[in-house]
Amino acid sequence: MIGCVQSRAETRQAPLWEFGLGIGATAFQDYPGSDTTRVYPIPVPYFVYNGTFLRADKNGVRGLLINQDWVELNISGDINAVVPHDTARYGMPELRPTLELGPAVYFHLMNRDSGRLKLDLQVPIRAAFTISGSPQSIGWIGDPRLVLKIKDTFGMHGWESEFGSGPMFIDKKYSDYYYSVAPQYATASRPAYTAPGGYSGTQFGITLRKRFSSVWFGAYVHYDTLRGAVFQDSPLVERNYDWSAGFGLAWILGRSTHLVEVTN
């Protein structure tokens, strides 16, 4: 696998479940390409479940359909927040919060130094649905990416970081939901436009986190370049990039006394 030595991951004993609660903040553009950025305080729920077929941890909530040393097949999802009316979309239908759900294959390409340095190829494909009012399918999204995971980052014990990057692809229906302008919503400064599907940019992301004895801290920065995206000519695209950032702090309030074996 890309010439890297693969070693069997080490395991440790951990509680079957843990939960906690905290607070944080996040900043993001209304949608990729919007020139409106908003900052929100957010609650930070903390939940870890180390089940055999279901996991909830730093990688999100997912069902483990296949779990081998070199590959995982998961069911995972994502939620996008409510998007207020943006100036570029004034007079158009409001974008609603969405749920994305679908399979994800993780190929473990490298595992060195007892799990301190890992490289994964993650290939998720998710269907997207609006979740306010009557649910509506808005298409598909796929964003394969290479993710480098480093434990004890920069020599700081207990700190974990991830660096990820890869191209993004959407189908025509998804692109149409965000970037098309129907004739009835066209104006002098916002001409009618039909968005195609295909390449939708390249993503770059960094996360940093640490679990203290009873406190969890995490932060992230995410940047997407939209140069070359199929919808780049849409009048709703005001910037050729998208970014978001946030942090959270949660206090561990309870944990299971039952221990299970988990991979480091």
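We did not get these values from a lab; they are worked out from the coordinates using the rules stated. Please read all numbers here as calculations on a predicted model, not as lab measurements. Glycine gets a Cβ as well: all are built from the backbone with ideal geometry, and neighbour counts include every protein chain shown.
Quick notes on this structure:
- A Förster radius of 45 Å, combined with the Cβ-Cβ distance separating THR225 from ALA188, puts the computed FRET efficiency at roughly 0.95.
- Table column - 3J(HN,Hα) (Hz), segment 244-251, Karplus curve with 6.51, -1.76, 1.60, x for Gly and Pro: 8, 7, x, 8, x, 9, 10, 9
- Build a GNM of the chain with springs between Cα atoms under 10 Å apart, and of GLN184, GLN203, GLN13 the one that fluctuates most is GLN184.
- Helix-only [θ]222 nm of the chain, DSSP H runs n ≥ 4, -39500 (n - 2.57) each, per residue, nearest 500: -1000 deg cm²/dmol
- The chain: most fluctuating residue of HIS108, HIS222, HIS157 per GNM, C-alpha cutoff 10 Å: HIS157
- Non-local Lys pairs in segment 78-234, i.e. 8 or more apart or on different chains, that have alpha carbons under 29 Å apart: 5
- Inter-label distance for ILE206 and ILE125, nm, one decimal - labels placed 7 Å from Cα along Cα-to-Cβ: 3.3 nm
- Most tightly packed first, judged by the mean number of other beta-carbon atoms within 10 Å of their residues, the peptides 227-238, 88-99 read 227-238, 88-99.
- Each residue, ASP113 and ALA81, gets one label point 7 Å from its Cα in the Cβ direction; the gap between the two is 3.5 nm.
- Considering only PHE107, ALA219, GLY155, and ranking their Cα positions along the charge dipole of the chain that arises from unit charges at the beta-carbon of Lys, Arg, Asp and Glu, the one farthest toward the positive end is GLY155.
- Phi angles across segment 98-113 convert, under the Karplus curve 6.51 cos²θ - 1.76 cosθ + 1.60 with θ = phi - 60°, into 3J(HN,Hα) values of 10, 10, 10, 8, x, x, 9, 9, 10, 9, 8, 7, 8, 8, 10, 6 Hz, Gly and Pro given as x.
- Rough spin-label spacing in nm, given labels placed 7 Å along Cα→Cβ, for TYR241 and MET156: 2.3 nm
- Positive-end extreme of charge dipole, the chain - chosen from TRP70, ALA229, GLY33 (charges on Cβ): TRP70
- For the chain, relative contact order (Cα pairs under 8 Å, six or more residues apart, normalised by length) works out to 22 percent.
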